[in-house]
Each structure stands twice: as C-alpha cells, then as structure tokens.
Amino acid sequence: MNRREAAHPTVLVVGAGPTGLALACGLRNRGVSVRVVDQAGGPITTSRALGVQPRGVEVLLRLGALGDLPQQVIPLREVRMHVAGRLVSTMPIDRLGDSVGRSPLLVSQVEVESALRARLAELGGVLDWGRELVDCVQDGTGVTATLCGEDGTEPVRADWLAGCDGAHSRVRKLSGIGFPGVPVAEHFLIADVRTNWALDRQIMSSWSRGGEMVSVCPLPGTGRWRLMGPAPTGTEGRLTEDDVLTLIKRQLAACTPYSAQAIERVDWLSTFRIHRRLADSYRSGRVVLAGDAVAIHHPFGGQGMNTGLGDAENLAWKLALVANGRAGDRLLDSYQAERRPVAQGVLAGTGLTTRLVLAESRATAVLRDRLVMPLLNSRKAQEFIWRNASQLGVHYRDGPLAGRGRFAAGPRQGDRVPDIHCRLDGGAPVRLHQALDGRWGVLAGPGNEASFDAAAAWLGTTGVVALTPARGRTADVLLIRPDAHLAWRGRPAPERLSSWLGTHLEPSSGESGTA
C-alpha cells in the first residue's frame, strides 16, 4: 500500500487482535485496500486466551492463515473435572473431534495473532503500531478518523471504519453505540508456571471443592502449565503479583493433589475481570464493530476469540462485496442479524457455566457436584456440549439471507456445509473449505457450467470457484458462501440462482455485476 492508500484506505481497521487481523485478511483476499492500526507499541507477548475451537480453526483455514499452528499445539486428549478430590467427568476431546473431523487447537492467542500477521503481510496489508484513534466523524461517503502517534496527529479518510478494538472500544464509544450489561462481574487469577509435575500433558483438568476452584492446563514448552481460579470477592485492583501467586497456591492445596512447592518458575501472573455485555448495534452507518467490541463474556469454553473470528469472516465477505460495488450496503444489515444471536447464545451459555462452576451458594454447589458433573459423562450431554463449544453447529437459518428454501436431505439454507472432499473444476482433489479461500463456491455435478456462469455474473470470475463432489453425486446445485454456509440450493436452474443473488446483493449501481 502506498502513502496515498494509507491516508485513504477503503477500510480502516482499529485493533490488531485476532478479530481485526482476520477481518483485514478477509478483505485483502478480495482486493480491498485495508489499513490496520493499534495503539499498542507492538504485538502482545502474553494472553489469557488459550485455544482455538474447531469453528475458529476453519476460519483460519479459509483465510489461509492456519499455517503451522497445528504443529505447534499440544494434542489435547481429554478434559477432566474433579469435585472434592473425585474424578466426576471425562470429556474425550479426541473422540469428539474425530466425529466431525475437526479438533480444537490448544494454542495461545499470541501464536494465532502471529499467524494472522504473517498472512496479512502476504496479502500486502498494512499494520501500524502506536496509532491511537482519538476521533472519528462520518458522513454519507465515508469516515474521517484522527490518529495520534509519537510523530503527532494524522487524519485518515476511509470509506469504512471497523472497530475491532476490544471491550473498551474507542470506535464504539465515539459512534455512540451503547454497551449494556449485567452489574455482576467475575474476577479471576491467572498464572503461567513451570513445574516438575509428573502429569499427562494431553489432559486439561478442573478441580473444585466448595467455593474454591482451579483449572490446570498444559502449555507448549517443557513443564509449562497455566493455572486459573477465582479471586476473592472485593480484591479487584488490590492484588500484587505476590498476592496472586499466594492465592493460586492456596487453591492448588485446597482442591488438587499437586504440590505448589513443585513450581520452579513463574512466567506470568495476572488478574482479569469479566463483564457480560452486548452492544446495542453492530453498525452505525459506515462504522461497523466486531469481536469484543460488541460482546464480552467469561472465557469458559474458549468462546471469545472464536466468536471474534466468526464475526470477522462474516463481515469481511459482505463488506468486500459492498466495497467492490457488487452489493448494496443493505447486505451489511445481515451481519448483525446473523451474528448477534450467536453472541447472545454464547453470553447465556458462559453465564450459566460460570454460576455452576463457581457455585457461590451451597445449593448451587450441591447441584453442580451431584447432578451436573455426573451428567457430563453421558455421551448425549458430551455431544451437546461439544456442538456448542466447537461452534460447528452455528447456523443462520433464521437470518435474512436464508429464506425458507427447498426441503432436501443435507444442509439447509444458512447451515454450515461440512468440509467434504471435492474436485476443483472437476480435476484436482481439494477439501471444500480450503478451496473457498475467500470465494463463493458452486458445488454441482458435471455439466453445470451454466450455474457457475450465473454466479460469476454477479460475483466476478475470480470471486467464485466451481467444485464437484469427489465422492458420490449431487442432483442439486449448492451455492456456498465464503464462510462455508449454504446460500442457495436447488435443481440446476441458473436463472433461479441468479435471482437469489440479485435479490440479496442489490448492487448500488443497479447493474447485474457483469463487469
């Protein structure tokens, strides 16, 4: 990007975390000029976010940003929960992952961001550290942002402004978007330590006894573990690092058979407080929000980073179509309509999990220990939890792009399409999600070139890929969105496929997108 493009990018992304970087990668992949800015002086070196759920793994794969992350991780086999020293439930992560062909990655947000930055650089994106957004004003054609850095202030004119700047989002505040939430917030301790515990490093464990609780999770590296537990009520902002370590050791002694004396070194100590909040809106004119800027919740289940990655991918393909003149900005209304219910579900689920795990009353502790925990050994309960935690069950059937569709076996409009084996243009073998690479897909049997041509007329020949199933046959034509959700399906009928695209894209020029 040259100096002029840096001063007037199509999209200015504020926030260089996973959400902002993923959004920028998705936009650059479709040729949209993007500038990413962050007020920090450089990348994070520590983070409480630990783990990419299967849905997040698929987003990184489709963005071309998965890289060597699968080779860096600890292959997690089980999650075990103990109550009063007894093992009460075992979640077989490897078996559940095999059932859908996708397992979570036990990897830090630090490594995820590094992979996304590398991909953004490959795509020619610009990332500027030490640039703080101090003001923004929008009008009918764009947004004028004021950035402040060591070299002074800088005005930037962008067509669109994306706020991916976290829970304290400056973009959200300047845009006047409300961020209501519940007054109750949880305060937690976190410690990354090195020990000589003789433990299976493919197992993550949670231990609770009465009001005490601590989780023990392996980290990449010899003898490295992460410990996390609740902080005592009323201690927020008052704990020193020595206090944090003392409290973590107390929780270890109270709940687990692990010796705190075995801690040889402390790499990182911190505390954090979690509110449960959801923004009033995901968009205000030419300003859009994603990730923690629109929803924050407890990290139980590793949903935060993964929800942000899902927001970014959903927004990226829609904003790219609008920015490239192939869709009217009404398409962006579907972003909130599809993603806000996902955030609402995550907030509800993590809130319930938090109340059960922390067991702030004796009645809740009894419910947790005698009913909920034993039920987690049920295969049906495990599969239910897996669908929710993995986010592979996320669908947009009720969204404005789905419609009623035609009854048929297999995915319905709005559903995630599984990562099946395909052939690219009838030739080279490829997996579906990797083949998309930011594009739409037309999955059909041989001889359906007219369906591909109908899609390409609206999306451009470089914006869609032709695929055939590698195994079995399909009588239907499936139009698959860049985020691997089913847009439209039906018997070969190019005119109906074209009609669906025309109805939902509505290019502002009024043309059919044949350029």
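General remarks:
- Shape class for segment 247-341, computed from the alpha carbon gyration tensor (a ≥ b ≥ c): prolate, with a/c not under 1.5 and a/b above b/c.
- Under 9 Å, Cβ to Cβ, from Leu332 - net charge with Lys/Arg +1 and Asp/Glu -1: +1
- In sequence order, calculated HN-Hα J values of segment 124-137 (Karplus, 6.51, -1.76, 1.60; Hz; x Gly/Pro): x, x, 10, 10, 10, 8, x, 10, 9, 6, 10, 6, 7, 9
- Cα centroid of segment 287-343 to Cα centroid of segment 13-64, whole Å: 13
- Phi angles across segment 58-69 convert, under the Karplus curve 6.51 cos²θ - 1.76 cosθ + 1.60 with θ = phi - 60°, into 3J(HN,Hα) values of 5, 4, 4, 4, 5, 7, x, 10, 5, x, 9, 3 Hz, Gly and Pro given as x.
- Calculated FRET value between Phe272 and Ala7, using beta carbons and R₀ = 60 Å, to 0.05: 0.95
- Ranked by how many other beta carbons lie within 10 Å on average, peptides 376-384, 159-167 from highest: 159-167, 376-384
- With the convex hull drawn around the C-alpha atoms of the chain, the volume per residue stands at 154 Å³.
- Segment 410-445 and segment 73-141: distance between their alpha carbon centers, rounded to Å: 24
- Under a 5 Å amide H cut-off, with hydrogens placed 1.01 Å from N, Val126 pairs with Val34, Val36 among residues at least 5 apart or on other chains.
- Farthest positive-ward along the chain dipole, Cα basis, beta-carbon charges - from His8, Gly285, Met213: Met213
- The trypsin sites (Lys or Arg not before Pro) of segment 210-315 that DSSP puts in a loop, and whose beta carbon has at most 11 other beta carbons within 10 Å, are Arg238.
- The chain: angle of helix 241-255 to the longest principal axis, Cα-based, in degrees nearest 10: 80
- Sorting the segments 127-140, 41-54 by their mean number of nearby beta carbons within 10 angstrom, highest to lowest, gives 41-54, 127-140.
- Rh (Kirkwood; distinct C-alpha pairs) - segment 366-515, Å: 16.9
- Cα gyration tensor shape for segment 53-172, rounded if a/c is under 1.5, else prolate or oblate: prolate
- Dipole magnitude of the chain, debye to nearest 20 (Cβ charges: Lys/Arg +1, Asp/Glu -1, about Cα centre): 1540
- Applying Stokes-Einstein at 25 °C and 0.890 mPa s to the Kirkwood radius of segment 421-505, computed over alpha-carbon pairs, gives a translational diffusion coefficient of 197 µm² s⁻¹.
Bear in mind these aren't lab numbers, they're just calculated from the coordinates by the rules spelled out. Quick caveat: nothing in here was measured; it's all calculated off a predicted structure. Note that each Cβ is placed from the backbone with ideal geometry, even for glycine, and that neighbours are counted across all protein chains shown.
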